[in-house]
1. Tally the residues that are at pLDDT 95 or above and of a type in the set (Val, Ile, Thr), restricting the search to region 20-54.
2. Looking only at residues in region 13-22 that are open to solvent by less than 70 Å² (accessible area, probe 1.4 Å) and assigned to a strand (DSSP E or B), which one is nearest to Ser65 (Cα to Cα)?
3. If you check Thr69 against the conditions, is it in contact with a Cys (Cβ under 6 Å, 6 or more places away or on another chain) and under 22 Å from Met1 (Cα atoms)?
4. Identify, please: which residue in region 23-35 is closer than 15 Å to Gly13 by Cα and touching a residue at least 12 places away in the same chain (Cβ under 8 Å) and is, among those, surrounded by the most Cβ atoms within 10 Å (Cβ to Cβ)?
5. Give the residue that is surrounded by the fewest Cβ atoms within 10 Å (Cβ to Cβ), with candidates limited to residues of region 36-74 that are among the aromatic types (Phe, Trp, Tyr), outside any helix (DSSP H, G or I) and touching a residue at least 40 places away in the same chain (Cβ under 8 Å).
6. Asn10: assigned to a strand (DSSP E or B), of a type in the set (S, T, N, Q) and in contact with a His (Cβ under 8 Å, 6 or more places away or on another chain), yes or no?
Amino acid sequence: MKICEIHIENFRGIFNQQILNIGNALILIGKNNAGKSAVLSAIRTFWGEYSPGERDFYKNADSISINFTFEISGD
């Protein structure tokens, strides 16, 4: 199983972010406070390793959405 796409809405400083065409590795590069740690925490939330709290909602949004698209091969 391989992650192909990630879509995050209303999580920490991320209002709406899509990461498309993920290859064999995902490398996050950016300035301080660009949202790299938020993306990693969103991934951890998706897998159940992190439980978001009140402060994790983007500007008091009502819900958080974290969606993944997977590719499953027979190899």
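The values are calculated or read from the model by the stated rules, or taken from the named source; none is laboratory data. As the structure is a computational prediction, the values presented were derived from the model and not from experiment. Here the Cβ is made from the backbone with ideal geometry for all residues, glycine too, and neighbour counts use every protein chain on show. The area values use the complete protein model at the heavy-atom level, side chains included, leaving out ligands, DNA and RNA. Shrake-Rupley method; radii C 1.70, N 1.55, O 1.52, S 1.80 Å.
1. 3
2. The qualifying residue nearest to Ser65 (Cα to Cα) is Ile14.
3. Considered against the rule, which asks whether it is in contact with a Cys (Cβ under 6 Å, 6 or more places away or on another chain) and under 22 Å from Met1 (Cα atoms), Thr69 comes out as yes.
4. Narrowing region 23-35 to residues closer than 15 Å to Gly13 by Cα: 30-35.
Of the ones still in play, those that are also touching a residue at least 12 places away in the same chain (Cβ under 8 Å) are 33, 35.
Details: Asn33: 9, Gly35: 18.
For region 23-35, the residue satisfying everything is Gly35.
5. Initially, region 36-74 is screened for residues among the aromatic types (Phe, Trp, Tyr), giving 46-47, 50, 57-58, 68, 70.
Checking which are outside any helix (DSSP H, G or I) leaves us with 47, 50, 57, 68, 70.
Add one more test, that the residue is touching a residue at least 40 places away in the same chain (Cβ under 8 Å), and what stays is 57, 68, 70.
Working: Phe57: 15, Phe68: 17, Phe70: 9.
Applying the filter and picking the extreme gives Phe70.
6. Taking the combined requirement at face value, the residue does not satisfy it.
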